[in-house]
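The values are calculated or read from the model by the stated rules, or taken from the named source; none is laboratory data. None of these values were measured; they are calculated from a predicted model. Neighbour counts run over all protein chains shown; Cβ positions are idealised from the backbone, glycine included.
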Amino acid sequence: MTAPGPGPESGFESGFESGSEPGPGRRPGRVHRFRSARRVPAALTALVVLGVAGLFLYDLAAVRAGRPAMSWRGDLADRLATHTPADLGVRLIAGALVLAGAVLLLLALAPGLRRILPMRTPDRRPGVRAGLGRKDAAQILRDRAMEVSGVRSVRVKVGRSRVGVRATSHFRELDDVRADLDAVLTVGIEELGLAHPPQPRVRVRR
């Protein structure tokens, strides 16, 4: 079950998921990424397969009923009989089908929802999962970085394993500003409560 985070006025995007208690074969402290339902790709694939299968079934039923087969099926049978796998057209079609299958497999196996970072779950609530949006985490860390003395502007990009920070300083030594930013961001990332805290990577320029 997935429920939205706070209301629109807060500007934060979080994900919550509740489930059953962890079984004996699962580690209670392990936190998994959020998985996307991917309803649109699944619906489109089902519609395409249903349409092609329905067309073939209709043509086969018409032939069984004594009616002539559709012209496109006869042309398709003739082309399949005259073309070999060595033809360029056959290879292009086969490559397109392989690429489409690889994309579908990637969508089926990849977790998705990359914009939501899983958060730590309290021990007293093992059946509840929480997530924090990457943009929201970046905004929080940017506000923390702007509090450092000497920082004029900051750009923060939050990834799964790293937090990229590019700051501009208009006074103070750059090494001092970088050290303060490292300390502030380390504390800020820890306070986010993420299950896998990313490592900050700070760059400061004049």
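Summary of values
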{"item": "Matching entry among Ala179, Ala167, Ala183 (being under 23 Å from Arg120 (Cβ atoms) and either of a type in the set (A, V, I, L, M) or in contact with a Cys (Cβ under 6 Å, 6 or more places away or on another chain) (or both))", "result": "Ala183"}
{"item": "Boolean, Arg166 is surrounded by 14 or more Cβ atoms within 10 Å (Cβ to Cβ) and among the charged types (D, E, K, R)", "result": "yes"}
{"item": "Number of the condition not met by Ser36 [criteria: (1) touching a residue at least 24 places away in the same chain (Cβ under 8 Å); (2) farther than 30 Å from Met119 by Cα]", "result": "(2)"}
{"item": "Search result, residues across segment 76-115 that are at pLDDT 85 or above and over 19 Å from Ala42 (Cβ atoms)", "result": "Leu88, Arg91, Leu92, Ile93, Ala94, Gly95, Ala96, Val98"}
{"item": "Test: residue in segment 168-183 that is among the basic types (Lys, Arg), part of a loop (DSSP other than H, G, I, E, B), closer than 28 Å to Leu113 by Cβ and touching a residue at least 12 places away in the same chain (Cβ under 8 Å)", "result": "no"}
